[in-house]
Amino acid sequence: FAPHFTRDYPALLHINVMADYRHRRVGSNLIKVYLQYLKDNGIFGVHLATMSQGAGEFFQRQGFSCIFSGRRSYFRYFLNRTVPFYIYGRTVV
């Protein structure tokens, strides 16, 4: 299980960008607007979860840091394997 981290990163980010719109700064612009919204409302931290190392690299470029990594075994019933699981956090300044 992941450690309890919502005290330091109370907001949650969930973002999906269709493949045809990736590499056009759509995701990074959405994150920029969301971070400004959080800042304007006095929210000091945000977290997200992903199972994709590539997505993790994108979020690191957006200023997020990996605060937890593990594996999820319950996906083996669908995928016949366990999958990596990452939680990233970022303070809002």
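Structure above, values below:
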| quantity | calculated |
| --- | --- |
| Hits in the stretch 1-23 - residues which are in contact with a Gly (Cβ under 8 Å, 6 or more places away or on another chain), of a type in the set (D, E, K, R) and either open to solvent by less than 40 Å² (accessible area, probe 1.4 Å) or within 24 Å of residue 83 (Cβ to Cβ) (or both) | none |
| Which listed residue, of 46, 92, is of a type in the set (Val, Ile, Thr), modelled with pLDDT of 95 or more, more than 12 Å from the chain's Cα centre (by Cα) and under 19 Å from residue 9 (Cα atoms) | 92 |
| Options 26, 33: the member that is farther than 22 Å from residue 85 by Cβ and open to solvent by 60 Å² or more (accessible area, probe 1.4 Å) | 33 |
| Considering residues of the stretch 18-28 that are under 18 Å from residue 57 (Cβ atoms) and not hydroxyl-bearing (Ser, Thr, Tyr) only, the residue nearest to the chain's Cα centre (by Cα) | 27 |
| Residue count, the stretch 53-86 (criterion: surrounded by 13 or more Cβ atoms within 10 Å (Cβ to Cβ), part of a loop (DSSP other than H, G, I, E, B) and modelled with pLDDT under 95) | 1 |
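The values are calculated or read from the model by the stated rules, or taken from the named source; none is laboratory data. As the structure is a prediction and not an experimental result, all values here were calculated from the model. For neighbour counting, all protein chains shown are included, and Cβ atoms are generated from backbone atoms with ideal geometry for every residue, glycine included. Note: areas computed on protein heavy atoms with side chains; ligands, DNA, RNA excluded. Shrake-Rupley method; radii C 1.70, N 1.55, O 1.52, S 1.80 Å.
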